[in-house]
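Trainee: Below you will find the structure I want to go over with you.
Quick note: the coordinates plus some simple rules give every number you see, no bench work behind them. All values reported here derive from a predicted model rather than from experimental measurement. All Cβ positions, even for glycine, are placed from backbone atoms using ideal geometry, and neighbour counts span all protein chains on display.
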Amino acid sequence: MSEYLPVLIYLGMTVAFAVVSLGVAALLRPSRPGPDKLANYECGAEPIGQAWIQFPVGFYLVALVFIVFDALAVFLFPWALALRPLGLTAFVPMLVFLLIIALGWLYAYREGILEWK
């Protein structure tokens, strides 16, 4: 338990910082809702037509692929820091992990998800 104490303290400080920051921002921000603040706008121009349009599915596919690979890339940083003391026992599983990521990227590429139409 004592080895996880710094992690728990860091987690507690992170949550406390987030809560305090949002609380202070809610107290200090000006609250002036008016017709101009509540109106829709895009680039200062009046909107024309419906605001609810269908986006091409390519937007969502690219976003999902980005989120998946971005979330998996987070695991590379702790591995890089612990690689030297752990040696080959940490290197081989990460190669397998990177191979799986590369296969996922290859699948997405072959399916045409990464091509912008």
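Trainee: Which three extents, in whole angstrom, do the alpha-carbon atoms of the range 64-117 cover along their principal axes, largest first?
Mentor: In descending order, the Cα extents are 47, 16, 10 Å.
Trainee: Same structure, new question: Rounded to the nearest 500, what is the chain's calculated 222 nm mean residue ellipticity when only DSSP H runs of at least 4 contribute -39500 (n - 2.57) each, over all residues?
Mentor: -22500 deg cm²/dmol
Trainee: Report, to the nearest 10°, how far helix 88-110 tilts away from the longest principal axis of the Cα atoms in the chain, using its own Cα long axis and a range of 0 to 90°.
Mentor: 40
Trainee: Would you work out the charge dipole size for the chain about its Cα centre, treating the Cβ of every Lys and Arg as +1 and the Cβ of every Asp and Glu as -1, and quote it to the nearest 20 debye?
Mentor: That gives the chain a dipole magnitude of about 180 debye.
Trainee: Nearest 0.05, what FRET efficiency do Y60 and S2 give at R0 = 41 Å with Cβ-Cβ as r?
Mentor: The computed FRET efficiency comes out at 0.35.
Trainee: Follow-up. Dividing the Cα radius of gyration by the Kirkwood radius, what Rg/Rh value follows for the chain?
Mentor: Ratio of gyration radius to Kirkwood radius for the chain: 1.15.
Trainee: Another question about this same structure. Determine, for W116, W79, the number of other Cβ atoms within 10 Å of each Cβ, and report the residues in order from fewest to most.
Mentor: W116, W79
Trainee: Okay, moving on. Return one number: the angle in degrees, 0 to 90 and rounded to the nearest 10, between the long axis of the Cα atoms of helix 5-28 and the longest principal axis of the Cα atoms of the chain.
Mentor: The angle comes out near 10 degrees.
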